[in-house]
Amino acid sequence: MVSPDAERFARTVAAQVRAEIAAAGTTVAGVARATGINRETLDRWVKGERALSMPTLYRISVAVGVDPHVIVQRAEERFAAESASHDVSRVGEYEITSDGPGADHALAAEHGTKKSEREQR
């Protein structure tokens, strides 16, 4: 079974590929013609409906003029930013402390204890 984070990262890579295609001033159809990839198949890949293989990512990167490692690096940055934004709404509830998080707190609480709990102590 593929982890939810792995699936989300695959969708993030697909979103970055779409962004690179647009930034190159081309379209999915244009990249499909340039790479010899079936347009419908490429469309499914860039929509995140199917995971991109490394050889496919390489072919797309050549067509858009961006090294494949740069696409992955940008996708990693996007993934990290999206992951952080999922926690932002809870961060204000927590304070970094030397005694660490309470056992019943996840995500943002991994780095502290809930402020309201500290105030009650």
Among residues of the stretch 26-57 being hydrophobic (A, V, I, L, M, F, W, C) and over 17 Å from VAL72 (Cα atoms), the residue surrounded by the fewest Cβ atoms within 10 Å (Cβ to Cβ) is ALA29
In this structure, does ARG78 turn out to be of a type in the set (Lys, Arg) and modelled with pLDDT of 95 or more? no
Residue that is surrounded by the most Cβ atoms within 10 Å (Cβ to Cβ) [pool: residues in the stretch 1-24 that are touching a Phe, Trp or Tyr at 6+ places or on another chain (Cβ under 8 Å) and farther than 10 Å from ARG74 by Cα]: ALA14
Can you find a residue that is over 18 Å from the mean Cα position of the chain (by Cα), surrounded by 13 or more Cβ atoms within 10 Å (Cβ to Cβ), modelled with pLDDT of 95 or more and not in a loop (DSSP other than H, G, I, E, B) anywhere in the stretch 103-116? no
Taking the stretch 9-35 and the residues there that are in contact (Cβ under 8 Å) with a residue 12 or more places away in the chain and not in a helix (DSSP H, G or I), the one that is farthest from ALA84 (Cα to Cα) would be THR26
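The values are calculated or read from the model by the stated rules, or taken from the named source; none is laboratory data. This one's a predicted model, so the numbers in the text were calculated from it and none came from an experiment. Counting neighbours? That spans all protein chains shown, and the Cβs are built from the backbone with ideal geometry, glycine included.
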